[in-house]
Amino acid sequence: MTTNVLAQTLDPLALAGQLAGKLLINGALTPAISGKTFAVDNPATGRKVADAALGEKADVDAAVAAAVKAQQAWGRMAARARGKLVAECGRRLNEHVEELGRLVTIETGKALRTESRVEASVLADVFVYYGGLGSELKGESVPFSPDMLTVTTREPIGVVGAIIPWNAPLLLMALKIAPALVAGNAVVVKAAEEAPFAVLRVGQIMSQVLPPGVLNILSGFGPECGGPLVAHPKVGKVTFTGSVETGRIVYKMAAEKLIPVTLELGGKSPMIVMADADIDRAVAGAVAGMRFTRQGQSCTASSRIFVHEKLHDAFVDKLRAKVDAMKMGDPLDEATDIGTVISRQQFDKVQSYIRIGKQTPGAHAHECSALPRDPKLKDGLYVRPVIFTDVPEDSRIAREEIFGPVTCIFKWTDYEQVIAAANDSEYGLAATVWTRDLKTALDATRRLQAGFVQVNQNLVVQPGLSYGGAKHSGLGKEASLEAMLDHFTQKKTIILNMT
Ligand code: NAI
Ligand code: MG
């Protein structure tokens, strides 16, 4: 095995400069064929991070060609041997946690201590987890006839296209490429245009371990780079995380080619606090679940909080106090709890929802935390978290995904009604229930229409546990063994007639 020659580079601007204008194709950093680039800005300062390579159809063609070629030998390798290489990628990535955390911080504005560093560490863990699962790519033997040996095998699909967003680019990439690679596929990643550099750096680190062409990384815009990747005739599977709107486009394009897709889309996840809940634990769960540290930019954000009337007022007070105590500031500063939103576009979208909320008859807005005072952050895209109370359940802020630090708290009295209200959403990604009563917990978890339901906690995606939504929140699962088997392999039935 090669030794790690890539030293950690803790100056994220310098590192982005080294990666500027490059794609990863066939194991090498190369410019886009057109030579074109686009600027990536730091949302905390408004200043440019670096120019990224503008990948287009010609680059997609080059990346897919490299992947097709590399996949032939990769797919024939013993599955455990592939797994060992993927686990080795995880170990290498673990040596770069600090560097990756800092790089993702300057391109996304996410706070280093509470978000980016944690994400980089989970990224490495996902590769280590999947790296151990090579020998689990098992088929079955079928008692079809005593004279015939009948078995099923799991084979790689071939080339997988992975399109990822900017809100957790490292983690969401890992959940796609680790299982795809262990299953014997080659992968072409399309990074989000807002946050391409940390993803590219991961590809560069992994290229020291993997054969060239097995993993390729493109940056560019959705329709011009992601579109040709989905449409490419040699791409046999697409895995996507992002908006419902783009998910639909991807699904339609994949339907033309009759290829499978995994879609991880939006959410408006309910949190139900029962009258007997441990209120402090539930409040802490709301802070974690709403991802206030990430400016609420999470598909699983607990953006609909139903609190029993007995606890409602105390819950609102305690939550306000907790969020008020969080410090918004320079994302690289260890004292900072909350960084910025990703882009001017998202900033405007979130602000427009806050305005809509404030204009909603009956609704009350509680603005928390304070904007940073540091003059170098004056152009930063900071949004003060808003907790809305007394919100009509049919209002826009109560129903639509805001993808910002905005949550609605509803007061409830009737159990049947609150379960119905929680389920009255086009989404079904996650849900949490807060109670000390086992019977209530079991009943609610059974009845809530969501893919990931937790009681008395609000954990994020965990390696080993299937994660994925119902209804408009998506199709398929990620993060588990089942996700690798069901979404990155195809089954074959083989019959050996021995007569
Ligand atoms: P998006 O879904 O448009 O972008 C996600 C990825 O898809 C990016 O890499 C993008 O370049 C790519 N893409 C866009 N159009 C494409 C196309 N026609 N063909 C192929 N790939 C394409 O999300 P965007 O524009 O960044 O954010 C819009 C909204 O989506 C947000 O306000 C938020 O509500 C939601 N969102 C949800 C995420 C989640 O984790 N479920 C992540 C990011 C955004
Ligand atoms: Mg978009």
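In table form, for the structure just shown:
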item: Criterion (outside any helix (DSSP H, G or I), at pLDDT 95 or above and either more than 26 Å from the chain's Cα centre (by Cα) or under 19 Å from LYS376 (Cα atoms) (or both)) met by exactly one of ALA39, ALA50; result: ALA50
item: Whichever residue in segment 125-144 is assigned to a strand (DSSP E or B) and touching a residue at least 24 places away in the same chain (Cβ under 8 Å) and, among such residues, is surrounded by the fewest Cβ atoms within 10 Å (Cβ to Cβ); result: PHE144
item: Extreme residue, nearest to ligand 2 (Cβ to nearest atom), among residues of segment 243-259 that are part of a helix (DSSP H, G or I) and open to solvent by 100 Å² or more (accessible area, probe 1.4 Å); result: GLU245
item: Candidate set: segment 427-437, residues that are of a type outside the set (A, V, I, L, M) and not in a loop (DSSP other than H, G, I, E, B); chosen: the one nearest to PHE292 (Cα to Cα); result: THR432
item: Test: VAL453 is assigned to a strand (DSSP E or B), among the aliphatic types (A, V, I, L, M), closer than 21 Å to MET274 by Cβ and out of contact with any Pro (no Cβ under 7 Å at 6 or more places or on another chain); result: yes
item: Condition met for ILE157 (of a type in the set (Val, Ile, Thr), surrounded by 24 or more Cβ atoms within 10 Å (Cβ to Cβ) and in contact (Cβ under 8 Å) with a residue 24 or more places away in the chain); result: no
item: GLY21 vs. criteria part of a loop (DSSP other than H, G, I, E, B) and crowded, with 23+ Cβ neighbours inside 10 Å; result: no
item: Complete set of residues in segment 266-291 that are within 24 Å of GLY474 (Cβ to Cβ) and away from ligand 2 (no atom under 16 Å from the Cβ); result: GLY267, LYS268, SER269, PRO270, MET271, ILE272, GLY285, ALA286, ALA288, GLY289, MET290, ARG291
item: Every residue from segment 193-216 that is within 12 Å of ligand 1 (Cβ to nearest atom) and either over 13 Å from LEU23 (Cα atoms) or surrounded by fewer than 24 Cβ atoms within 10 Å (Cβ to Cβ) (or both); result: GLU193, GLU194, ALA195
item: Subset of segment 219-276 [of a type in the set (Val, Ile, Thr) and farther than 20 Å from ILE157 by Cβ]; result: VAL244, THR246, ILE249, ILE272, VAL273
item: Segment 446-499, residues that are hydroxyl-bearing (Ser, Thr, Tyr) and open to solvent by less than 60 Å² (accessible area, probe 1.4 Å); result: SER466, TYR467, SER473, SER480, THR489
item: All strands (runs of 3 or more DSSP E) inside segment 145-230 with 1 or more residues being more than 21 Å from LYS69 (Cβ to Cβ) and modelled with pLDDT of 95 or more; result: 148-156, 159-163
item: Conditions (1) aliphatic (A, V, I, L, M); (2) surrounded by fewer than 16 Cβ atoms within 10 Å (Cβ to Cβ); (3) within 16 Å of ligand 2 (Cβ to nearest atom): number failed by LEU263; result: (2)
item: Some residue of segment 51-69 being under 27 Å from GLN297 (Cβ atoms), in the same structural domain as LEU210 (by TED's automatic domain parsing) and either polar (S, T, N, Q) or open to solvent by 10 Å² or more (accessible area, probe 1.4 Å) (or both); result: yes
item: Filtered residues of segment 228-265 (kept if free of Cβ contacts under 8 Å to residues at least 60 places away in the same chain, closer than 20 Å to ALA58 by Cα and within 11 Å of ligand 1 (Cβ to nearest atom)); result: ALA231, MET253, ALA254
item: Hits in segment 285-323 - residues which are touching a Ser or Thr at 6+ places or on another chain (Cβ under 6 Å) and open to solvent by 20 Å² or more (accessible area, probe 1.4 Å); result: THR293, GLU309
item: Residues located in segment 339-386, provided they are on the phi > 0 side of the Ramachandran plot and surrounded by fewer than 18 Cβ atoms within 10 Å (Cβ to Cβ); result: GLY362
item: Test: residue in segment 332-345 that is aliphatic (A, V, I, L, M) and in contact with a Leu (Cβ under 6 Å, 6 or more places away or on another chain); result: yes
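Conditions tested, residue by residue: (1) closer than 21 Å to THR300 by Cα; (2) in a strand (DSSP E or B); (3) modelled with pLDDT under 95.
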| position | (1), (2), (3) |
| --- | --- |
| GLN417 | no, no, no |
| ALA422 | yes, no, no |
| SER425 | yes, no, no |
| LYS439 | no, no, no |
| PRO463 | yes, no, no |
| MET484 | no, no, no |
| ILE495 | no, yes, no |
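The values are calculated or read from the model by the stated rules, or taken from the named source; none is laboratory data. This structure is a prediction, so every number in the text was calculated from the model and none was measured. Here the Cβ is made from the backbone with ideal geometry for all residues, glycine too, and neighbour counts use every protein chain on show. All accessible areas refer to the heavy atoms of the entire protein, side chains included, with ligands and DNA or RNA removed. Shrake-Rupley method; radii C 1.70, N 1.55, O 1.52, S 1.80 Å.
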